[in-house]
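Here is the structure we will look at, set down as structure tokens.
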Amino acid sequence: MKKIKVRTSTSYDIYIERGLTKNCGDIIANIVKTRKIAVISDNIVDKLYYDTIETSLQKNGFTVSKFVFPAGEASKSIETLNQIYTFLCENNITRSDCIIALGGGVVGDITGFAAATFLRGIDYIQIPTTLLAQIDSSVGGKTAIDLPCGKNLVGAFKQPKCVICDSNVLSTLSDEIMSDGMAEAIKYGMIRDAELFELIASHKLENVNEIIDDIVYKSISIKRDVVENDEFDTGERMILNFGHTIGHAIESYYNYQTYTHGSAVAIGMCMITEKGCEKNVLDKLINCVNAYNLPHYCNAPISELLKLCANDKKRESNYINYILCKKIGQASIHKVCITEFEKFILN
Ligand SMILES: NC(=O)c1ccc[n+]([C@@H]2O[C@H](COP(=O)([O-])OP(=O)(O)OC[C@H]3O[C@@H](n4cnc5c(N)ncnc54)[C@H](O)[C@@H]3O)[C@@H](O)[C@H]2O)c1
Ligand SMILES: [Zn+2]
């Protein structure tokens with residue numbers, strides 16, 4: 001079993017091994033004192049993996065209850081959060097008990113936020129089941145729910161007690177959801193690790209399973225390094241936003257219907273690279289995203305995307321931060337005023 005230690009305000013380990021969900025109870029029993037656990041999941045993941053988790057927890061003496069909500073981003077809402085709080089109350093979950101997030105980023109984000117706020121904070125554990133959740137959302141302690149006026153607008157930093165990553169569970173993901181996660185893996189290669197990029201670029205969606213363990217381990221290590229240096233996202237962590245400034249604008253322009261997050265980020269990475277980097281870097285990036293069925297351009301008018309970039313609710317006053325990878329594996333942060341960003345993009 002591989003173990004990655006994350007040294008943030010509270011430190012924790014990420015355990016990585018194929019088939020690990022079957023033994024999750026053994027790991028968790030060594031980490032928490034309580035023997036009472038509440039599992040939060042969505043209806044798809046619940047059917048696929050809950051029984052395995054429950055069996056392993058019960059074998060280790062845990063009493064387990066579960067709350068399941070409908071899969072999808074629409075559930076990352078204040079209404080679902082309220083239902084989770086009610087469920088935790090009804091099951092007498094106390095501050096010394098523990099919650100498990102079993103699922104993709106939606107389950108992880110809302111469960112993490114419930115754990116950060118219920119009784120002013122209780123322990124939680126992540127068992128991420130999408131590629132995106134394993135290499136991105138379960139690492140770093142950002143938790144959130146969406147509001148009707150925007151995504152991830154209410155949240156907290158809350159580090160889990162541990163993360164349990166089993167790449168076997170990725171075998172049930174659809175191609176589209178796998179591609180979505182691959183966009184983030186390509187991002188890690190671009191910003192920090194030319195070797196990882198080459199490994200990914202020398203494969204494609206159809207045979208990525210051969211290298212998925214390496215991708216998961218290397219991607220998590222990169223995210224760990226970045227969040228350890230900047231847990232609360234005031235500096236270096238911004239490099240994780242490579243492709244996201246424009247990517248978020250693309251998702252929003254199409255009302256979150258046409259492009260998945262990963263597709264929008266793939267386009268965003270290609271657009272920013274086209275403006276600020278040499279053609280050979282752009283060509284390699286385009287070939288790579290295409291190998292994972294991800295798009296490299298879209299028809300949204302640039303002027304509209306720029307308006308959406310300028311309206312981003314999490315932007316810092318009049319400034320925009322964008323990330324460039326002039327060389328594969330090396331990222332730089334550029335803080336410019338909006339008008340300068342517009343000039344750069346329209347050039
Ligand atoms: N906290 C962070 O740092 C962070 C970072 C990136 C993204 N996010 C958030 O993550 C969310 C997206 O996460 P996601 O892409 O995992 O989406 P998701 O959680 O909606 O999962 C996608 C779909 O895959 C299904 N699924 C999950 N695991 C499965 C499996 N093993 N087999 C078959 N189906 C499975 C889910 O039921 C769902 O239908 C967004 O809300 C985003 O804001 C958070
Ligand atoms: Zn992303």
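What separates the Cα centres of region 33-105 and region 1-31 is a distance of 18 Å.
Taking the helices alone, the chain has a mean residue ellipticity at 222 nm of -13000 deg cm²/dmol, built from -39,500 (n - 2.57) per DSSP H run of at least 4 residues and averaged over all its residues.
Its Cα centre serving as origin, the chain has a Cβ charge dipole (Lys and Arg +1, Asp and Glu -1) of approximately 820 debye. Using only the C-alpha atoms, the convex hull of region 176-346 corresponds to 105 Å³ per residue.
When nucleic acids and ligands are ignored and a 1.4 Å probe is applied, Glu274 ends up with an accessible area of around 110 Å². Residues considered: Asn23, Asn287, Asn207. Largest GNM mean-square fluctuation over the chain, using C-alpha springs under 10 Å, is found at Asn207.
Relative to the current alpha-carbon distance between Leu346 and Ser11, full extension at 0.36 nm per residue lengthens the span by 116.2 nm.
Defining a contact as two alpha carbons under 8 Å apart and six or more residues distant in sequence, what relative contact order in percent does the chain show?
Values: 643 pairs, mean separation 50.9, N = 347.
Computed over the chain, the figure is 15 percent.
Look at the alpha carbon pairs under 8 Å that are at least 6 residues apart: their mean separation over the length of region 176-346 gives a relative contact order of 29 percent. Taking only the Cα atoms of region 72-181, the radius of gyration and Dmax are 13.6, 40 Å. Rolling a 1.4 angstrom probe over region 223-287 with all protein chains present gives an accessible area of which 43% lies on carbon and sulfur atoms. Give the shape of region 2-172 as rounded, prolate or oblate, defined through the alpha-carbon gyration tensor: a ≥ b ≥ c are the square roots of its eigenvalues, a/c under 1.5 means rounded, and otherwise the shape is prolate if a/b is larger than b/c and oblate if not. Cα axes put region 2-172 in the rounded bin. Projecting the Cα atoms of Ala266, Val68, Tyr319 onto the charge dipole of the chain (Cβ charges, centred on the Cα centre) puts Tyr319 farthest toward the positive pole. Each part reduced to its alpha carbon centroid, region 147-214 and region 224-264 end up 13 Å apart.
Compared with the alpha-carbon gap, the fully stretched path from Ile44 to Cys277 is longer by 79.7 nm at 0.36 nm per residue. Rounded to the nearest 20, the size of the Cβ-charge dipole of region 176-346 about its Cα centre is 520 debye, with Lys and Arg at +1 and Asp and Glu at -1. Counted over the chain with a bin width of 20 Å, the fraction of Cα pairs per bin, in whole percents, is 32, 58, 11, 0.
Between Glu73 and Lys326, the modelled label-to-label distance comes to 3.4 nm, taking each label 7 Å out from Cα in the direction of the beta carbon. Positive-end ranking of Ser9, Ile164, Ala144 along the dipole of region 2-172, with charges on Cβ about the Cα centre, is headed by Ser9.
Counting other Cβ atoms within 10 Å, which trypsin sites (Lys or Arg not before Pro) in region 1-77 have at most 10 and lie in a DSSP loop? Working shown, then result.
On the way: sites: Lys2, Lys3, Lys5, Arg7, Arg18, Lys22, Lys33, Arg35, Lys36, Lys47, Lys59, Lys66, Lys76; in loops: Arg7, Arg18, Lys33, Arg35, Lys76.
Answer in residue order: Lys33.
Have a look at Leu173, Val107, Asn280 and report the one farthest towards the positive end of the charge dipole of the chain, computed about the Cα centre with Cβ charges (Lys/Arg +1, Asp/Glu -1). My answer, from the dipole projection, is Val107.
Relative to the Cα centre, what is the charge dipole magnitude of region 2-172, using +1 at the beta carbon of each Lys and Arg, -1 at the beta carbon of each Asp and Glu, and rounding to the nearest 20 debye?
Details: 19 positive and 16 negative charges, 125 e Å.
That gives a dipole near 600 debye.
The values are calculated or read from the model by the stated rules, or taken from the named source; none is laboratory data. This one's a predicted model, so the numbers in the text were calculated from it and none came from an experiment. We place every Cβ from the backbone using ideal geometry, glycine too, and count neighbours over all the protein chains shown. Ligands, DNA and RNA are excluded from the accessible area calculation, which covers all protein heavy atoms including side chains. Shrake-Rupley method; radii C 1.70, N 1.55, O 1.52, S 1.80 Å.
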